[in-house]
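Here the structure comes first, spelled out in structure tokens, and everything after it is commentary.
The values are calculated or read from the model by the stated rules, or taken from the named source; none is laboratory data. All values reported here derive from a predicted model rather than from experimental measurement. Using ideal geometry, Cβ is built from the backbone for each residue, glycine included, and neighbour counts are taken over all protein chains shown. For the accessible areas, the whole protein counts, side chains as well, though only heavy atoms, and no ligand, DNA or RNA atoms are used. Shrake-Rupley method; radii C 1.70, N 1.55, O 1.52, S 1.80 Å.
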Amino acid sequence: MKEFWTTLASVMGVWAFCQSLLHTVFPPELRFASLKLFHRVFNWFSAYCYYDITEIDGVNTNELYNAVQLYLSSSASIAGNRLSLTRGLNSSAITFGLSNNDRLIDNFKGVMVLWEHVVTQRQSQTFSWRPLPEEKRGFTLRVKKKDKSVILGSYLDFVMEKANEIRRNNQDRLLYTNSRGGSLDSRGHPWESVPFKHPSTFDTLAMDPIKKDEIMADLKDFANGESFYQRTGRAWKRGYLLYGPPGTGKSSMIAAMANYLGYDIYDLELTEVHTNSELRKLLMKTSSKSIIVIEDIDCSINLTNRKKPGNSSARSNSSSYDVSSAPPPGTGNGGEDGGNSITLSGLLNFTDGLWSCCGSERIFVFTTNHIEKLDPALLRSGRMDMHIYMSYCSFPGLKILLKNYLGFEDGDLELELEEELKEFIDKAEMTPADISEALIKNRRNKDKAVRELIETLKLKADKKSREINSTSLVEDEEQEKRALESPKGEVESQEENCNKSQKNDEQEQDQKIH
């Protein structure tokens with residue numbers, strides 16, 4: 001044992017002597033150059049190239065790192081035994097990712113890539129205004145050199161798009177409203193938000209399925225049409241007009257659109273906006289992938305037809321329309337007199353002007369109960385591209401309501417009851433809101449709910465028929481009165497003409513005599 005320790009001490013002495021000799025013969029600069037040359041030779045003969053994506057780029061957060069982390073969390077090919085689970089703020093789902101120093105193999109268009117999550121301890125840092133994390137995190141992407149153009153050209157863009165989609169689906173949607181008088185919150189934003197939890201979807205919307213499919217296809221084409229809008233030189237936005245009687249589901253349609261696309265909603269209250277400049281500032285503070293809603297636009301701002309005959313003032317000042325429901329004096333501070341001074345021109349520029357292009361992938365939705373009150377300039381394509389009439393409940397819509405509230409599937413309803421519903425639903429002209437209320441009252445007794453609904457439909461249909469008959473009788477009586485009075489009026493007019501001619505003749509004779 002003593003000989004072993006003696007031999008080991010001799011070896012360590014020789015190693016220390018060789019190391020000191022190496023440091024003397026080969027200075028640090030030469031050693032660094034040799035190591036650099038070795039790496040270049042190794043990379044020259046290697047079939048792979050490596051890309052490092054660090055968590056922090058200088059002092060700023062690297063968005064590509066966060067995107068890669070989200071993208072890898074959605075991959076089903078994770079082979080690691082240890083995964084990190086996270087749930088972000090305002091997120092409705094738990095995401096998982098690679099743990100420290102774990103690896104993942106991904107496939108993109110037949111190209112195999114290797115991701116490795118590298119975590120190392122950061123060296124002790126000196127004083128800094130922004131302390132850095134103790135651990136240095138990053139991803140290393142390994143790819144074959146022959147596939148480098150494919151990865152750098154389209155793969156990383158695909159990763160960013162996929163991460164944005166995952167983030168939008170996991171994040172809770174928000175419902176925004178503009179602050180009173182354009183005031184700013186603590187972050188300097190003019191919008192106040194609450195979580196958007198409306199459960200309405202296109203599956204639960206009481207509407208003709210054919211019309212719903214058309215709307216869904218149009219929304220999908222819009223969401224996937226970035227290249228189309230760029231190629232045609234159009235702003236990536238679209239306008240929808242929802243019009244029809246009250247209670248036909250216009251608000252539910254907006255909620256279904258937001259849930260279908262995963263967009264936030266900005267509910268713009270025009271009566272709280274005082275000037276056109278405030279309107280533009282509100283538009284600038286909206287985010288992409290959002291729905292900007294102006295409900296009951298005919299009630300919040302005066303947008304009557306500018307071409308009304310006999311209204312010279314409207315023609316001379318056709319671009320200035322004040323908000324009809326201005327706040328009381330002393331409560332507003334937007335105009336010179338303390339009231340609102342939004343003009344039609346400002347609203348048009350808001351929807352289709354240069355300022356409407358300050359964001360991308362945004363939808364404008366207007367609702368009204370009286371489309372005839374709106375100015376034609378608002379109704380043209382480019383501002384309201386698709387007009388959707390929200391009609392009274394039809395039989396296909398009724399079947400959806402029966403499924404939602406009572407659980408009736410196709411074929412569950414008796415044929416006789418179904419025929420009665422089909423017979424009276426169009427004649428009754430009831431809105432989906434009225435029918436929903438009738439079903440909610442008896443939702444625990446399906447048969448009673450259906451029979452009471454049929455009775456209600458019959459009463460409504462009978463009332464409508466009586467109103468139509470009374471209206472037609474009144475019109476017939478008026479036509480008869482006009483027909484009877486027209487000959488008498490003609491005779492009187494002829495007598496007046498004769499009297500006038502006689503008087504004229506007598507005056508001419510008197511003038512001749514004198």
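Odds and ends about this structure:
- Scanning the range 397-407 for residues that are open to solvent by less than 50 Å² (accessible area, probe 1.4 Å) and either touching a residue at least 40 places away in the same chain (Cβ under 8 Å) or assigned to a helix (DSSP H, G or I) (or both) yields Gly397, Leu398, Ile400, Leu401, Leu402, Leu406.
- The single condition from (1) open to solvent by 50 Å² or more (accessible area, probe 1.4 Å); (2) touching an Asp or Glu at 6+ places or on another chain (Cβ under 7 Å) that Met386 fails is (1).
- Residues of the range 347-382 classified as outside any helix (DSSP H, G or I), acidic (Asp, Glu) and over 23 Å from Ala258 (Cβ atoms), total: 1
- Inside the range 353-404, residues that are within 15 Å of the chain's Cα centre (by Cα), β-branched (Val, Ile, Thr) and farther than 15 Å from Asp296 by Cα make up a count of 1.
- Selection within the range 154-195 - modelled with pLDDT of 90 or more and under 30 Å from Leu398 (Cα atoms): Leu175
- Where strands (runs of 3 or more DSSP E) sit wholly within the range 1-114, those with at least 3 residues that are within 51 Å of the chain's Cα centre (by Cα) and modelled with pLDDT of 80 or more occupy 48-54, 103-108.
- Of the residues examined, Arg362 is not one that is in contact with a helix residue (DSSP H, G or I) (Cβ under 9 Å, 6 or more places away or on another chain) and without any contact (Cβ under 8 Å) to a residue 60 or more places away in the chain.
- Filtered residues of the range 444-462 (kept if more than 13 Å from Glu414 (Cβ to Cβ) and loosely packed, with under 15 Cβ neighbours inside 10 Å): Arg444, Asn445, Lys448, Glu455, Leu459, Asp462
- Subset of the range 365-378 (residues that are open to solvent by 10 Å² or more (accessible area, probe 1.4 Å) and of a type outside the set (A, V, I, L, M)): Asn369, His370, Glu372, Lys373, Pro376
- None of Ser394, Ser381 is out of contact with any Phe, Trp or Tyr (no Cβ under 7 Å at 6 or more places or on another chain), farther than 30 Å from Cys357 by Cα, open to solvent by 10 Å² or more (accessible area, probe 1.4 Å) and among the polar types (S, T, N, Q) except Ser394.
- For the range 336-359, the set of residues classified as at pLDDT below 50 and open to solvent by less than 20 Å² (accessible area, probe 1.4 Å) consists of Gly338 only.
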